[in-house]
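Q: First the structure, which I've put down as structure tokens, then a few questions once you've had a look.
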Amino acid sequence: MLLNGNPSFDLRKIKRCGAKRRKRSELCRQPAMRNGRCSIHGGKSTGPRTAEGIERIRRASTKHGRRSKAAIAERKRNAETKRRIRILVDMCRRSI
Ligand SMILES: [Zn+2]
């Protein structure tokens with residue numbers, strides 16, 4: 001048991017970072033995280049995990065929303081309405 005109450009552990013047995021050092025051809029050897037690399041060599045972010053986090057990233061990366069699913073669907077609906085109106089107008093003109 002350590003002074004702060006945490007259980008004691010053997011530092012020699014913990015997993016070490018396997019990243020290569022730039023100058024010498026040896027490994028980093030810092031204590032590794034779950035992914036096998038230290039905090040410096042942790043690699044790319046794996047992205048948001050919670051629904052709240054996903055929503056926050058989605059809002060942060062949206063620039064204007066003109067290419068959003070809702071906006072594209074609305075434009076399609078408007079184009080279809082315009083096409084139908086044109087057909088109706090055409091039919092009216094022919095019947096006159
Ligand atoms: Zn490392």
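The values are calculated or read from the model by the stated rules, or taken from the named source; none is laboratory data. The structure displayed is predicted, hence computed values, not measured ones. All Cβ positions, even for glycine, are placed from backbone atoms using ideal geometry, and neighbour counts span all protein chains on display. Side chains included, ligands, DNA and RNA excluded: accessible areas come from the protein's heavy atoms. Shrake-Rupley method; radii C 1.70, N 1.55, O 1.52, S 1.80 Å.
Q: Residues to consider are LYS76, LYS63, LYS20; find the one that is away from the ligand (no atom under 16 Å from the Cβ), at pLDDT 85 or above and surrounded by 10 or more Cβ atoms within 10 Å (Cβ to Cβ).
A: LYS76 is the lone residue from the list that is away from the ligand (no atom under 16 Å from the Cβ), at pLDDT 85 or above and surrounded by 10 or more Cβ atoms within 10 Å (Cβ to Cβ).
Q: Filter the stretch 23-44 down to the residues that are open to solvent by 80 Å² or more (accessible area, probe 1.4 Å) and within 29 Å of the chain's Cα centre (by Cα), then identify the one that is modelled with the lowest pLDDT.
A: LYS44
Q: Moving on. For residues that are farther than 22 Å from GLY65 by Cβ and part of a helix (DSSP H, G or I), tally how many sit in the stretch 75-96.
A: Residues that pass the stated criteria total 13.
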